[in-house]
Amino acid sequence: MTRHNIFFRLVVVALMALVSIGCGYKVTYNLSGGSIPPEAKTFSVAYFPNNAPMVAPTLSNVLTEGLRDKFSRQTRLEQVEEGGDFAFEGEITNYSSTTASVSSGDYALQNRLTITVKVSFQNAIDQTLSFNNKTFSSYADYDSSQLLIDVQDQLIEEIVKALVNDIYMAAAGNW
């Protein structure tokens, strides 16, 4: 990169910062990709029951605690039991294992564990950013020679991490 390109980029960034300040646009940004309005002080996450036809005993706790942990670590918001400025509730609607890939001899090579959750988010600061019953789904594949019971804890951790990130971005990233 030439010296001219670096200087040009710095000038553009400085001008963008000045325009943002001059317009009075006021949003708190953090390094995790989310934006939280300065007026928001608290968040709450209700327990996510597992209402899927197939149930993993630890999934509800892992998901609920994962979402609480994400907001505790990635934002300045204080956790409250209920009625937070950012309030989440929902349910697990699907937990299923299906064949993901098949060999030429019609034998399963990979299976796929899919978890789907339905989430309602209430933004007390800006109701237009709230959503009800929004569906989030994620999956992880595992070798068909393994039993689900043997790999489900690791797969749940991986899938829940992706789900929590998607929920976080939908609520704090305004997408």
Next item on the list: Only residues that are out of contact with any Asp or Glu (no Cβ under 6 Å at 6 or more places or on another chain) and either on the phi > 0 side of the Ramachandran plot or not in a loop (DSSP other than H, G, I, E, B) (or both): list them for segment 39-61, please.
Entry: F43, V45, N50, L59, S60, N61
Check: Pick from D106, D143: which is on the phi > 0 side of the Ramachandran plot and without any contact (Cβ under 8 Å) to a residue 40 or more places away in the chain?
Finding: D106
Note to self: Which condition from (1) touching a residue at least 12 places away in the same chain (Cβ under 8 Å); (2) in contact with a strand residue (DSSP E or B) (Cβ under 6 Å, 6 or more places away or on another chain); (3) surrounded by 14 or more Cβ atoms within 10 Å (Cβ to Cβ) is the one that S130 breaks?
What the structure shows: (1)
Margin query: Here is a check on your reading of the model: is I159 under 30 Å from D85 (Cα atoms) and touching a residue at least 60 places away in the same chain (Cβ under 8 Å)?
Written below: no
Next item on the list: Return yes or no: is T98 more than 15 Å from A171 (Cα to Cα), at pLDDT 95 or above and hydroxyl-bearing (S, T, Y)?
Entry: no
Margin query: Among the residues of segment 14-35, are any in contact with a Phe, Trp or Tyr (Cβ under 7 Å, 6 or more places away or on another chain), modelled with pLDDT under 95, of a type in the set (A, V, I, L, M, F, W, C) and not in a helix (DSSP H, G or I)?
Written below: no
Item checked: Condition broken by N5, with the remaining ones in (1) exposed (fewer than 10 other Cβ atoms within 10 Å of the Cβ); (2) at pLDDT 55 or above; (3) in a helix (DSSP H, G or I) satisfied -> (2)
Next item on the list: Kindly indicate whether any position in segment 72-90 is closer than 30 Å to S145 by Cα and modelled with pLDDT of 95 or more.
Entry: no
Check: If we scan segment 106-121, do we find a residue that is among the hydroxyl-bearing types (S, T, Y) and modelled with pLDDT under 90?
Finding: yes
Margin query: Here's a check for you: in segment 135-175, which residue that is at pLDDT below 95, of a type in the set (G, A, S) and surrounded by fewer than 16 Cβ atoms within 10 Å (Cβ to Cβ) is nearest to T75 (Cα to Cα)?
Written below: G173
Next item on the list: Quickly run through segment 82-107 and pick out the residues that are of a type in the set (D, E) and surrounded by 12 or more Cβ atoms within 10 Å (Cβ to Cβ).
Entry: D85, E89, E91
Next item on the list: Please name all residue pairs, on different chains or six or more residues apart, with Cβ atoms under 8 Å, provided the first residue is in segment 59-80 and is more than 29 Å from Q152 (Cα to Cα) and touching a residue at least 40 places away in the same chain (Cβ under 8 Å) and the second residue is in a loop (DSSP other than H, G, I, E, B) and not β-branched (V, I, T).
Entry: T75/N30; T75/S32; T75/G34; R76/N30; L77/A40; L77/K41; L77/G84; L77/D85
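The values are calculated or read from the model by the stated rules, or taken from the named source; none is laboratory data. The structure presented is a predicted model; accordingly, all values stated were derived computationally and were not measured. Counting neighbours? That spans all protein chains shown, and the Cβs are built from the backbone with ideal geometry, glycine included.
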